[in-house]
Amino acid sequence: MIVKFIDYTRAYGQIKPEIDEAISHCLENGDLIYRADTKTFEESFAKLCGVKHCISTGSCSGAMFISLKALGLGMGHEVITVSHTYVATIDAIVATGALPVLVDIDPRTMNMDPDAFEKAITPWTKAVMPVHLNGRCCDMSRIMDIAVKHNLFVVEDAAQAVGADQHGKKAGTFGNAGCFSFYPAKVLGCYGEGGAVITDDDELASTLYLMRDHGEWPPYIPAPNNNDKKTIYGWGYNTILDNIQAAILNVKLDFLDDAIVRRRLIADKYDEAFFNISALDLPPAPTRWEYFDVYQNYAIRCEDRDGLEKHLTDNGIETIVSWRTPNHKQKGLGMNFNLPETERLSNEVISLPLFPDMTEEEFKYVIGCTRSYFQ
Ligand SMILES: Cc1ncc(COP(=O)(O)O)c(C=O)c1O
């Protein structure tokens, strides 16, 4: 049996008529950039997160870059984040001219260790970027306390955490800005690139609306003869969500709750099946009353990770290792940090297939093959 890490075609098959209709509607009406679907999506996503503003962007990378820029981050500033993240988080900091300062993770949650964050603060630190990895919130209660105490901006990388929360407060809503990715594999994924920033700060939102489109205003006038009515208010960038992707996201929003329920159910099945395998460290299930996890990934730890990976591959199961070489050890990035927990994790972490449309037969097969490796 073959079990893919994620199966895009199956997900499309479930909602084909709605998606086809949404795309044709955009194409037939020439609704390509800054049209009604984009605005509808921004309103719906802001409502879902419980915030005032959603500024859609071309990607989470773009969202993080303009958020940091809009907050005034740049040369001479330090921004603290983790090495155990997709490189985009660190790249966004570097793109502003600020210096990324990478700290270690809590080995149990794989997210930022709040103590390590506090220890890394210097007089030049201006912001922190917690990354809610694998669909689980960082310990935002502690991170926010520290950030407030030291007067730091907080830009959350919530790329993997649509719908996750801590104590009922949603990922992306704790700090000044929360950045999301709608890359196809994400909990809420479109069929290309997409992202958004959310914020409750009216002034920051106004700046972000300008910055995502080279500082020009007004944005919702697509006809060429309206270009002379535009004013450029400052430097920006081009990071815009295509209207077709917004239309797709509007359809997918209707299925988001069900998709999260299904992700959590499959994670439960894995937890139940693996809890007595001492060689495996599972996601931190006992604290679920405090954290609502959406399981972007079912990431586990195993000292014999490479052996388990090979065994699953040999049995037709796709897995992902995020990340085998941590960012601070990537030669091309030229960074030098001492992060023992991150380095240990990079030798042990592996994610099993988990996507909402996975069949019972598939996740039972993954369970069977994983268990058989340890017998
Ligand atoms: C943790 C994290 N941050 C940022 C990103 C970047 O998102 P995007 O591809 O939308 O730029 C990703 C995407 O994989 C991610 O997983």
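The values are calculated or read from the model by the stated rules, or taken from the named source; none is laboratory data. These numbers come from a predicted model, not from an experiment. Note: ideal-geometry Cβ built from the backbone for every residue, glycine included; neighbour counts use all protein chains shown. To get the accessible areas, we keep the full protein, side chains included, count just its heavy atoms, and leave off ligands, DNA and RNA. Shrake-Rupley method; radii C 1.70, N 1.55, O 1.52, S 1.80 Å.
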task: Under 12 Å from the Cβ of F355, count the other residues' Cβ atoms, weight Lys and Arg +1, Asp and Glu -1, and hand me the total.
output: +1
field: the chain, relative contact order [Cα under 8 Å, separation at least 6], %
entry: 22
task: May I ask you to list the chymotrypsin sites (Phe, Trp or Tyr not before Pro) in the stretch 238-304 that are in a DSSP loop and have at most 13 other Cβ atoms within 10 Å of their Cβ?
output: F275, W289
message: Could you report the chain's accessible area per residue, 1.4 Å probe, as an integer in Å²?
response: 44
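Name the longest site-free stretch of the chain, where the excluded sites are trypsin sites (Lys or Arg not before Pro) in a DSSP loop with no more than 16 other beta-carbon atoms within 10 Å.
It runs 109-229.
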message: Of all beta bridges DSSP finds with both residues in the chain, what is the antiparallel percent, to the nearest 5?
response: 60
- request: Using only alpha carbon pairs under 8 Å that are at least six residues apart, calculate the relative contact order of the stretch 128-200 and give it in whole percent.
  value: 27
field: Radius 9 Å from Cβ of K52, net charge of other residues (Lys, Arg +1; Asp, Glu -1)
entry: -3
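What are the membrane-span-like helices in the chain by this rule: whole DSSP H runs, Cα extent along the axis at least 24 Å, mean Kyte-Doolittle hydropathy at least -1.0?
Values: long enough: 256-274 (27 Å, -0.38).
Once both thresholds are applied, what remains is 256-274.
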- prompt: Excluding K269 itself, what net charge comes from residues whose Cβ is under 14 Å from its Cβ, given Lys and Arg +1 and Asp and Glu -1?
  reply: -1
- request: Taking only Cα atoms and a 10 Å spring cutoff, compute GNM fluctuations for the chain and point out the largest among L27, L188, L73.
  value: L27
Stokes-Einstein diffusion coefficient of the chain, Kirkwood radius over Cα pairs, 25 °C, 0.890 mPa s, in µm²/s: 115
